[in-house]
1. Give the ranking of M287, M259 by solvent-accessible surface, highest area first, calculated with a 1.4 Å probe.
2. Students often forget the sequence filter, so: which lysines lie under 24 Å Cα-Cα from K302 once same-chain residues fewer than 8 apart are removed?
3. Connecting C-alpha atoms closer than 10 Å in a GNM of the chain, tell me which of A45, A316, A141 has the biggest fluctuation.
4. In square angstrom, what is the accessible area per residue of the chain with a 1.4 angstrom probe?
5. For a quick check, take a GNM of the chain with Cα springs below 10 Å and name the residue from T171, T228, T91 with the largest mean-square fluctuation.
6. Per DSSP H run of n ≥ 4, the term is -39500 (n - 2.57); total these for the chain, divide by its residue number, and report the mean residue ellipticity at 222 nm rounded to 500 deg cm²/dmol.
7. Just to confirm my numbers, what's the Cα centroid distance between the range 90-145 and the range 272-318 in Å?
8. Using Cα positions and a limit of under 28 Å, work out the lysines in reach of K56, with same-chain residues fewer than 8 apart set aside.
Amino acid sequence: MEALRQQLVQLRQEIDAFPVHDAINTEDFRIRFLGTMGALKTVMAELKNVPPEQRKEAGQLLNEIKSYAESVYQQHLDRTRTTTVETSRTTDRSRSGSPQPIGSRHPVTRMKNEIVSIFQKLGFAVAEGPEIEDDWHNFGALNLPAHHPARDMQDTFYVQQNPDWVLRTHTSSVQIREMEKGTLPLRLLMPGCVFRNETISARSHCFFHQVEGLYIDEQVSFADLKQTLYFFVQEMYGKDVQIRFRPSYFPFTEPSAEMDISCFICAGAGCPVCKKSGWVEILGCGMVHPNVLRNCQIDPEKYTGFAFGMGVERPAMLKYGVNDLRLFSENDVRFLRQFPAVS
Ligand code: DAH
């Protein structure tokens, strides 16, 4: 009896120590302990060697170890059944994949890419800057010192933790960052998202996109500006489209202008898009102000340059016939799916 007792203690240890980590081991466990030639069968056979008066007790012990082995087996079974399913899901590389829906390029991105690719033909490279800017890059260096009334031209979002930080109100801040690097000449296009504290409606939003242009070299003139923008307009809107410049004011350019194109919808006859004027305003531009060059350690006696900035949403609305600016940022797939998958 004592020998049997010890055998059972050992068997229990073996049951506990048996390594089970998948369905195959679980079956090994069953064969080793519960199978027809398994360890339990062997100890059961010992019963006949136990003196009759102790058989009842021995039988109880044997039943206990049997149900213990069965319950451990059941636990292994439950555990490895779920892991087996998971493992096969991640490791069966021969299974065909589930189809991946192909997304489409966002219309704002498409328009931005189109603008960029036209200027790339003229040798403009692309640069980007941070969306959270300090006052200097967004205003100060652009010839908008503190309390300058032109700061009110744009309603600024300030960052609460640091009153020196703003969400950039225009991509002109990237001009400064690039000029500060000190490598000249510069011929850059700077696309990006900008932020203004404006009421959200079909025609205005608190964030939108701009593409900024900058060309700095010796002897850059307003004629270069006009020719560059004329090339852009012809590529973008067609050979028949005309341009005109209206004098304007921006603190960072002198002289400054706004550029209109002849309405490519009604060809100048007058329609709602051009508000019957025959012209559509598309960008602001000018010769980089000498103060801005100086702020970036560039000698205005030696270098001159032009800059321009245009919105991306408005031309995208005109091109794709979108009548509400909010559609661009709502990410409604029914809207987004209307644009071709590849471009
Ligand atoms: N930063 C101006 C705006 O957001 C646009 C602009 C005008 C950019 C003239 C320029 C420029 O670079 O020369 O309204």
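1. Details: M287 25, M259 0 Å².
I get M287, M259, largest accessible area first.
2. In chain and number order, the partners are K181, K226.
3. Looking only at A45, A316, A141, the largest GNM fluctuation is found for A45.
4. Working: 19390 Å² over 343 residues.
So the chain comes to 57 Å² accessible per residue, rounded to a whole number.
5. T91
6. Details: 12 runs with 132 residues, N = 343.
My calculation for the chain gives -11500 deg cm²/dmol from helical runs alone.
7. If you average the Cα positions of each part, the centres end up 20 Å apart.
8. Qualifying lysines at Cα under 28 Å: K41, K48, K66.
The values are calculated or read from the model by the stated rules, or taken from the named source; none is laboratory data. Keep in mind it's a predicted model, so treat the numbers as computed, not measured. Virtual Cβ from ideal backbone geometry, glycine too; neighbours counted across all protein chains shown. The area values use the complete protein model at the heavy-atom level, side chains included, leaving out ligands, DNA and RNA. Shrake-Rupley method; radii C 1.70, N 1.55, O 1.52, S 1.80 Å.
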